[in-house]
Amino acid sequence: MPFPTAAFRRPLATLVEGITLRAPAQALPVPPASDRSVWDPRAGSADRIGIDDLVARAGGERATPWPQPRASDAARVHRDGDRTAWEDAAFERQRRLSRAAVAAAATLDETWIDEVVDGVVLLCEQSSWCWPAHDDTRSVHGSVLATVTDPFVDLGAGEVVAQLAWIDHLLGEQLDARAPRLRARIRHEARTRVFAPFQRRRDWHWIGLDGDVHNWNPWIHGNVIVAALRLLDRPDEAIERDRIVALAVEGLDRYVAVLPADGAIDEGYAYWWNGAARALEALDVLAHATDGAVDTTAVTALRETVAFPHRSHLGGDWFVNHADGQARPPADQPWHALHRAARRHGDTAAAALAASHRRPGTPAATEREGLGRLLRGLTDPAWVLASPAPPPLPRDVWLPSTQVFLARERAGSSDGLALVAKGGHNGEHHNHNDVGAVVVAVDGVPVLVDAGRPTYTAATFGPDRYDIWTMQSAWHNVPVVRGVTQPAGADAVARDAHAEATDDLAVFRVDLADAYPDAGLASWRRRAALDRTRGRIEIDDAWHFSDDAPTADDTRAHLLVAGEVTLERGGARVVPIEGARPVRLRWPSDIKVTAEVRELDDPLLTEVWGERLTHLALPLASRTHVQLTVELDTPTEDLR
């Protein structure tokens, strides 16, 4: 197998030299439907509860029309910026097909096989597998619809080709009997839409040739590996199969090469699932396809990134969120993928976080994240039979690569206060302008918050990105200095960020001056500390200007608060969402705070925060220092 060697020395290169791939029919790590010891719903080892749930839901929709992504909705990306109308229909079409595929594997019923045939043909006849928001057809061809003679390989194309490969692997024998030559159609479309352009064009931005490697890289390369392993199965395609898998591994190597030694993801926890987790899953498939010859457990960054989810956990369904991540992502993540990676890398804490989400009597996996993830979860006995465990909730976490610090009152418990602070820079992936931002949680629930992101539109990744309020530093828990907010770009950067922790005190320090290059700052030193002995968080800011001018009213501290806020002299009482205990915020009593209630109407925000967030602005005129504190509320306290 012609993997690169001397010219391309990266973490994976030496691990894949000279390996031999299994035959296509045995290359994917899921038994086919013909293996009734796994798929028989009465006696098989696959998750019976999950299969029964999928069959029931699939049965309820079988007589209904298939979702239809429409051309007019695809064009909306270029007309009004809406991308969800097309994507929602396309995603639900694929999820329906995944449900039908499992129903067919479990029952071998011809009516379910026909349902799979219908879904496969719909995908084969869909003009493009690329999500319209990603296609370059407008810039290259002047078209608002896909150019079928010049397909673009993106996340969507990768997801479809992998789904078809998993179906071919799972139900190939049944498809040959029920719809002869359909599998040849699958292979034709895979070659035309993915294999040929993947090899022909090597300027895909997600390959990372410019050094900017992001989560698309492992997501797409992992899906290409799955598709090539299964669908390139003719003897005369063996060399091409090796070449495509080698190119995909070379691409994965670029991702692993820039993954920091601490395993942190600058896009945050929510993107770990479709970045580092995708890399771990792709390498797990490759380990199976090579009979274990590919063993990446010694790669430090991969081992450490397995720990990233539990190092980002606040409690319950709440996680540290930066960039475009949500503070409370959907709870039904593919936890089996984390569990499997934790077992492979011997990380018991990571396995415990995954197991804390295993609910006996509920399905072991869902179709929301793709057919491959669904099949892996349903057929992983260690996951299906896993017992619930308490999450690890480490007391202190410091990730130097992203300069993110998390401290809670005690290990193993979300009770009380937790502090999150970050340095970093404003050129991170899916960046928000948030250098120096703090988040405070009580009982695991954020109260001083990072709003996250609204629904993606065409503007989200265009020149107007920072017109979106959630991306701006004025809507994060950082100051506005002389009316100046933080700009985007890696030059807006934290200085001297560091953290330290003892049994009594956890402290994060940073200088924010370089994050405000046009504000004339000599320094803006922020100290955020959790005093464990007093159950108190302190946020101290001290600053001075290069011109020694006094501070004016256009310099303000900002706080974004989730919950019911009652302003009082010298502070505010906040009743957080989700039933967490009330807290009191305190600041100097002569500061006249203004509060702006931000009504929320975007579902990605309301499903996390409810109907509103409150934005507090604290004018800092004539000051060179201010302290804000957060403590649990007690009934006897009186701020009057």
Which count do you get for residues in the stretch 417-432 that are buried (at least 24 other Cβ atoms within 10 Å of the Cβ) and within 15 Å of Q403 (Cβ to Cβ)? 7
Checking R573, R584, R640, R623 in turn, the sole residue that is crowded, with 16+ Cβ neighbours inside 10 Å and either modelled with pLDDT under 95 or not in a strand (DSSP E or B) (or both) turns out to be R623
Residue tally, condition under 23 Å from T290 (Cα atoms) and outside any helix (DSSP H, G or I), over the stretch 207-229: 0
Selection count, the stretch 160-206, where residues are out of contact with any helix residue (DSSP H, G or I) (no Cβ under 7 Å at 6 or more places or on another chain), over 22 Å from H221 (Cα atoms) and in a helix (DSSP H, G or I): 3
When the residues of the stretch 185-225 are narrowed to those that are hydrophobic (A, V, I, L, M, F, W, C) and touching a Gly at 6+ places or on another chain (Cβ under 6 Å), which ends up farthest from A238 (Cα to Cα)? I207
I need the full set of residues from the stretch 532-546 which are part of a loop (DSSP other than H, G, I, E, B) and on the phi < 0 side of the Ramachandran plot, in order please. R532, T533, R534, S546
For the stretch 121-137, give me the residue count where each residue is assigned to a helix (DSSP H, G or I) and within 28 Å of the chain's Cα centre (by Cα). 2
The stretch 326-359, residues that are touching a residue at least 60 places away in the same chain (Cβ under 8 Å), farther than 20 Å from L374 by Cβ and buried (at least 24 other Cβ atoms within 10 Å of the Cβ): A327
Only residues that are farther than 20 Å from N223 by Cβ, of a type in the set (V, I, T) and at pLDDT 95 or above: list them for the stretch 17-58, please. V38, I49, I51, V55
Tell me, which residue of the stretch 382-416 that is crowded, with 21+ Cβ neighbours inside 10 Å and aromatic (F, W, Y) is nearest to P309 (Cα to Cα)? F405
Restricting to the stretch 363-381, and then to whatever is within 27 Å of A301 (Cα to Cα) and acidic (D, E), can you tell me which residue is surrounded by the most Cβ atoms within 10 Å (Cβ to Cβ)? D380
From G489, G462, G483, which residue is in contact with a strand residue (DSSP E or B) (Cβ under 7 Å, 6 or more places away or on another chain) and either among the β-branched types (V, I, T) or surrounded by fewer than 19 Cβ atoms within 10 Å (Cβ to Cβ) (or both)? G489
Contact list please: Cβ distance under 9 Å, first residue in the stretch 16-36 and outside the structural domain of A101 (by TED's automatic domain parsing) and more than 23 Å from T297 (Cα to Cα), second residue of a type in the set (F, W, Y) and in a loop (DSSP other than H, G, I, E, B), pairs at least six apart or on different chains. none
Every pair of residues 6+ apart whose Cβ atoms lie under 7 Å, when the first sits in the stretch 601-614 and is more than 14 Å from A327 (Cα to Cα) while the second is among the charged types (D, E, K, R) and surrounded by 12 or more Cβ atoms within 10 Å (Cβ to Cβ): R612/R598
Can you tell me which condition S414 does not meet? The list is (1) outside any loop (DSSP other than H, G, I, E, B); (2) under 30 Å from D503 (Cα atoms), and all the others hold. (1)
Considering only residues of the stretch 30-55 that are of a type in the set (G, A, S), out of contact with any Ser or Thr (no Cβ under 7 Å at 6 or more places or on another chain) and part of a loop (DSSP other than H, G, I, E, B), which is surrounded by the most Cβ atoms within 10 Å (Cβ to Cβ)? A33
All but one of (1) part of a helix (DSSP H, G or I); (2) buried (at least 23 other Cβ atoms within 10 Å of the Cβ) hold for I265, so report the exception by its number. (1)
Those residues that are surrounded by fewer than 16 Cβ atoms within 10 Å (Cβ to Cβ), closer than 24 Å to P454 by Cα and either out of contact with any Phe, Trp or Tyr (no Cβ under 8 Å at 6 or more places or on another chain) or in contact (Cβ under 8 Å) with a residue 24 or more places away in the chain (or both), I need them from the stretch 56-83; list them, please. S72, R79, D80, G81
Before we move on, is L302 over 20 Å from the mean Cα position of the chain (by Cα), at pLDDT 95 or above and either in a loop (DSSP other than H, G, I, E, B) or not assigned by TED's automatic domain parsing to the domain that holds D168 (or both)? no
Scanning the stretch 67-101 residue by residue, those among the basic types (K, R) and over 19 Å from G142 (Cβ atoms) turn out to be R70, R83, R93, R95, R96, R99
Filter the stretch 523-561 down to residues that are closer than 23 Å to L448 by Cα and small (G, A, S) and give me whichever is surrounded by the most Cβ atoms within 10 Å (Cβ to Cβ). A528
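If I filter the stretch 275-293 for residues that are part of a loop (DSSP other than H, G, I, E, B) and either in the same structural domain as A451 (by TED's automatic domain parsing) or under 18 Å from the mean Cα position of the chain (by Cα) (or both), do I get at least one hit?
Yes, the stretch 275-293 contains at least one residue that is part of a loop (DSSP other than H, G, I, E, B) and either in the same structural domain as A451 (by TED's automatic domain parsing) or under 18 Å from the mean Cα position of the chain (by Cα) (or both).
The values are calculated or read from the model by the stated rules, or taken from the named source; none is laboratory data. Since this is a predicted model, take the numbers as computed values, not measurements. Neighbour counts run over all protein chains shown; Cβ positions are idealised from the backbone, glycine included.
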